[in-house]
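For reference, the structure discussed in these notes is given below.
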Amino acid sequence: MNPRTLYLLIGSGIVGLLYFGDQAYRTYVEKPSASREKQLAKINSSIEKANDLIAQKLFVQKQLDAYEKMSLPFDTEVTRTQYQGWLLSLVKSVGLTGITVDASQPTSVSIERQKPKQSQSKRKVVIYRYGYSLRSRGSLQQLVTFLFRFYRSGQLHKIKSISLNPSGGGTMIDASFVIEALALVRTERETELSTVQVNRLKKEDELHYVSIARRNIFSRTGNSILNHVKVTGITFGKSGKPQVWIKTDPTKPSMVFLNDDIVKIKSHQIEILDIQSNLVLLLVDGQPTKVPIGKAIFEKKEPEKSEALRPGVSKAVKNVD
């Protein structure tokens with residue numbers, strides 16, 4: 001055997017060794033490693049899904065606990081009239097009139113059982129839904145107060161629709177509400193309504209919403225009512241306490257108010273904060289306002305007169321025309 005043949009045989013052996021070594025590495029090392037990585041990725045994905053499911057379950061459980069605290073009582077025979085009475089008292093507390101509250105029969109909401117027993121139904125009642133229709137009449141400020149207190153209360157309820165019909169130039173509004181309330185079967189309260197306070201609103205102070213009544217879109221006068229509310233004088237009583245004289249109507253005499261008194265006029269609320277020697281600090285629909293003696297709360301501003309043109313300029317304008 002000549003050297004050339006020997007070298008060819010050795011090279012062929014090396015190539016064959018490398019080929020079979022690569023195949024063995026792929027078969028016994030690379031493929032099992034890839035398979036284990038796929039299995040590990042699958043296990044990690046399952047763990048993430050399980051953690052997400054646990055987190056979601058905890059979140060839902062937390063929501064259910066919160067809803068349970070706001071839920072109406074589970075006794076359907078009592079709950080219907082209980083909530084109707086609560087709604088009626090809420091409307092009366094804000095001064096609305098012409099009140100009627102009608103309640104419909106509750107309807108049940110059920111879900112399918114995961115593992116139903118043979119002797120029981122496959123569906124389980126979890127919620128009772130109560131429907132109410134409310135009609136009332138009042139000012140926009142009273143309606144705003146009602147809505148604020150409605151959504152601040154801890155009842156599991158909502159207003160599905162509102163119908164507003166203004167009258168008297170927008171000073172009075174006939175309002176109709178369609179309200180829905182829910183009772184969870186799992187709640188522990190049998191007949192008592194919820195008394196908790198909830199934070200459903202962006203602003204938790206009623207003063208943030210009184211400006212809605214001030215910008216009464218139903219009123220033909222709007223803020224012009226405040227143009228006639230004038231501070232006519234500041235005096236001191238027998239006890240030495242300062243008192244302010246305010247005329248709320250041009251056709252009526254001025255009335256006397258002390259610090260912390262409330263001046264009630266149509267669609268607005270005015271509180272006396274501080275009476276000074278020549279002016280009074282008022283809280284008008286939640287906004288601090290200083291009003292000097294002899295001035296109205298809001299006076300129409302005269303349009304600013306443009307500076308008179310010099311004679312030469314005036315003549316030039318005429319020439320251009």
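Structure notes:
- Between segment 128-193 and segment 8-74, the Cα center-to-center distance that results, in Å: 53
- Listed cross-link partners Lys230/Lys264; Lys69/Lys158; Lys158/Lys202; Lys202/Lys290; Lys69/Lys92; Lys247/Lys295 are compared with a 19 Å cut-off, the Cα-Cα value being larger for Lys202/Lys290; Lys69/Lys92.
- Neighbourhood charge, 14 Å Cβ-Cβ cut-off, centred on Leu134 and excluding it, Lys, Arg +1 and Asp, Glu -1: +3
- Potential extension, Leu207-Thr232 segment - 0.36 nm per residue separation minus Cα distance: 6.3 nm
- Here the peptides 79-92, 192-205, 151-164 are ranked by packing, the mean other Cβ count within 10 Å, and the order with the highest first is 79-92, 151-164, 192-205.
- Charge context of Gln105, other residues only, Cβ under 12 angstrom, K/R +1, D/E -1: 0
- The phi torsions of segment 155-164, fed into the Karplus equation with coefficients 6.51, -1.76 and 1.60 and a -60° offset, translate into couplings of 8, 8, 9, 7, 9, 7, 7, 10, 10, 10 Hz, rounded to whole numbers, with Gly and Pro shown as x.
A short reminder: the numbers here are calculations on the coordinates, not readings from a lab. Keep in mind that what you see is a predicted model, and the values were worked out from it rather than measured. Positions of Cβ are generated from backbone atoms using ideal geometry, with glycine treated the same way; all protein chains shown enter the neighbour counts.
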